[in-house]
Amino acid sequence: VQLQAFGGGLVQAGGSPRLSCTASGRTLSNYHVGWFRQAPGKERDFVAACNWSGSQNLYADSVKGRFTISRDNAKKMVYLQMNSLKPEDTAVYFCAADVVYRGVSINENDYEYWGQGTLVTVSS
């Protein structure tokens, strides 16, 4: 599966952008999906993940209650709704897919397919 994330840009603190990730190739329901982010000078971190059906979502503590992951398998789309953005949310955001042969994971090493990333910059 090929993934492409978009929807980033410059956002004011408190803003509510939505990132999108398109998937092409195989059926999206064959994969769990996740969002990860990498801030300048830091390692890539887990943000949110969603199992193949959308029935189970996982979130990093830093975004819980502010971000929502969702998916539309028919449209082959994955979304990350981000609310109440903070300057520390500034990062390149990546979508990723993990073949479904285990439960949904927060570990980036479990994800086989990655999009190119989209930069979100939050101004204070």
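The values are calculated or read from the model by the stated rules, or taken from the named source; none is laboratory data. None of these values were measured; they are calculated from a predicted model. Note that each Cβ is placed from the backbone with ideal geometry, even for glycine, and that neighbours are counted across all protein chains shown. These area figures cover heavy atoms from the full protein model, side chains too; ligands, DNA and RNA do not enter into them. Shrake-Rupley method; radii C 1.70, N 1.55, O 1.52, S 1.80 Å.
Placing pseudo-labels 7 Å out from each Cα toward the beta carbon at K64 and S16 gives an inter-label distance of 2.2 nm.
For an R0 of 22 angstrom, estimate the FRET efficiency from the Cβ-Cβ distance between M77 and E43 and round to the nearest 0.05. Result of the calculation: an efficiency of 0.20. Counting only aspartates and glutamates at least 8 places from K86 when in the same chain, those with an alpha carbon closer than 19 Å to its own are E43, D45, D61. Using the 1.4 Å probe convention, the accessible area of the stretch 13-60 works out to 47 Å² per residue with neighbouring protein chains retained. With all protein chains in place and a 1.4 Å probe, the accessible surface of the stretch 8-124 carries 47 percent carbon and sulfur.
Highest mobility in the GNM of the chain, judged by mean-square fluctuation with C-alpha springs under 10 Å and restricted to N57, N109, N73, is found for N109. A Förster distance of 30 Å, applied to the separation of the beta-carbon atoms of R26 and S124, puts the FRET efficiency at 0.15. Full extension of the chain between Q116 and S55 yields a length gain of 19.4 nm, computed as 0.36 nm times the residue separation minus the alpha carbon distance. Within the listed set G54, G25, G14, the Gaussian network model of the chain (springs between alpha-carbon atoms below 10 Å) gives the highest mean-square fluctuation for G25. The alpha carbon radius of gyration of the chain, expressed as a multiple of 2.2 N^0.38 Å, is 0.97. Within the chain, C50 have no other Cys Cβ under 4.7 Å of their Cβ and so lack a disulfide-compatible partner by this rule. Taking a Cβ cut-off of under 13 Å around T22, the surrounding Lys, Arg, Asp and Glu residues balance to a net charge of +2, with basic ones at +1 and acidic ones at -1.
Per the Kirkwood formula applied to alpha carbons, the stretch 12-63 shows a radius of gyration over Rh ratio, Rg over Rh, of 1.02.
Counting only trypsin sites (Lys or Arg not before Pro) that sit in a DSSP loop (anything but H, G, I, E, B) with at most 14 other Cβ atoms within 10 Å, what is the longest stretch of the chain containing none of them? Between exposed loop sites, the widest span is 76-101. Treating each Cα of the stretch 36-96 as an identical point scatterer and summing with the Debye formula, the log10 of I(q)/I(0) at q = 0.19, 0.25, 0.30 Å⁻¹ comes to -0.71, -1.13, -1.42.
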